[in-house]
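The values are calculated or read from the model by the stated rules, or taken from the named source; none is laboratory data. Everything quoted here is computed from the prediction, not taken from an experiment. Don't worry about glycine lacking a Cβ; one is built from the backbone with ideal geometry, like all the others, and counts go over all protein chains shown. In case anyone asks, the SASA skips ligands and DNA or RNA and just uses the protein heavy atoms, side chains included. Shrake-Rupley method; radii C 1.70, N 1.55, O 1.52, S 1.80 Å.
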Amino acid sequence: MPLPSPAPRTHIHARTVRLDGYRRADGLWDIEGHLTDVKSYGFDTEQRGHIEPGDPIHDLWIRVTIDDHFTIHAVDAATVKAPFTTCGGILPNFQRLVGLTIGRGWTRAVKERVGGTEGCTHLAEIMGPVATTAFQTIYPLLAREKAERAKAEGRPVRYKGRPPLLDMCHMFRSDGDLVRRHWPDHYTGGVQADPPSNDRDARQAAAE
């Protein structure tokens, strides 16, 4: 259901965050984030001067290049617009993320390397959505391709290793029914697991 109708109000600020996932020709993946902050009124700044309504106070980009195992190979960051001309000077610190693997402890690892005065608050904030976008981009596609190969070869789908999304949210909790049915080796509840009913069910679970 949508939100209920709001009280009378005046629009003041719009933050827009867009994340896109791309499969590269070289076998790697790009997760690209774009953040803008826009005011509905004009105001003066110390370094940029007057900013008109609709002109972004922040216009920031980040691109993270990762492999199938969610390990970061490269990071590119850009400050198109910011309230201070020196904001972009901190961008080289985001190279500290290279070599990290997106997964458990990701938020803590990002804060340790580019949190606080070591980075840009707004770019650091969208590293969480970068991680979830990476999972949505890579995991369902690889799972679907794996299922298609298994079907073409006339064999059942076998998922080995720890599912990347295990215990990352309520639906993928290790004692939940979804894990019980599709990843029984990792199920921690008390009911014996049933195998997926067919390849389609496994693909659907991986994509959710």
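Worth a mention:
- Some residue of the range 118-141 being open to solvent by less than 50 Å² (accessible area, probe 1.4 Å) and modelled with pLDDT under 90: yes
- Meets criteria (hydrophobic (A, V, I, L, M, F, W, C), in contact with a strand residue (DSSP E or B) (Cβ under 9 Å, 6 or more places away or on another chain) and in contact (Cβ under 8 Å) with a residue 24 or more places away in the chain) for Ala143: no
- Selection from the range 147-171 of residues that are open to solvent by less than 60 Å² (accessible area, probe 1.4 Å) and farther than 21 Å from Arg108 by Cα: Ala147, Ala150, Val157, Tyr159, Gly161
- Per-region count, the range 172-208, residues part of a helix (DSSP H, G or I), at pLDDT 85 or above and open to solvent by less than 70 Å² (accessible area, probe 1.4 Å): 5
- Answer from Asp26, Asp68, Asp20, Asp37 - the residue that is closer than 29 Å to Arg113 by Cβ, assigned to a loop (DSSP other than H, G, I, E, B) and touching a residue at least 60 places away in the same chain (Cβ under 8 Å): Asp68
- Screening Leu100, Leu3, Leu28 for residues that are among the aliphatic types (A, V, I, L, M) and open to solvent by 70 Å² or more (accessible area, probe 1.4 Å) leaves exactly one candidate, Leu3.
- Meets criteria (at pLDDT 95 or above and surrounded by 19 or more Cβ atoms within 10 Å (Cβ to Cβ)) for Val110: yes
- Qualifying positions in the range 79-97 - open to solvent by 40 Å² or more (accessible area, probe 1.4 Å), outside any loop (DSSP other than H, G, I, E, B) and of a type outside the set (Val, Ile, Thr): Lys81, Cys87, Gly89, Pro92, Gln95, Arg96
- The numbered conditions (1) part of a strand (DSSP E or B); (2) over 30 Å from Leu142 (Cβ atoms) are all true for Trp61 except (2).
- Taking first residues from the range 113-130 that are over 17 Å from Thr101 (Cα atoms) and partners that are open to solvent by 30 Å² or more (accessible area, probe 1.4 Å) and among the β-branched types (Val, Ile, Thr), the Cβ contacts under 8 Å between residues at least 6 apart in sequence or on separate chains come to Glu118/Ile90; Gly119/Ile90; Cys120/Thr79; Cys120/Ile90.
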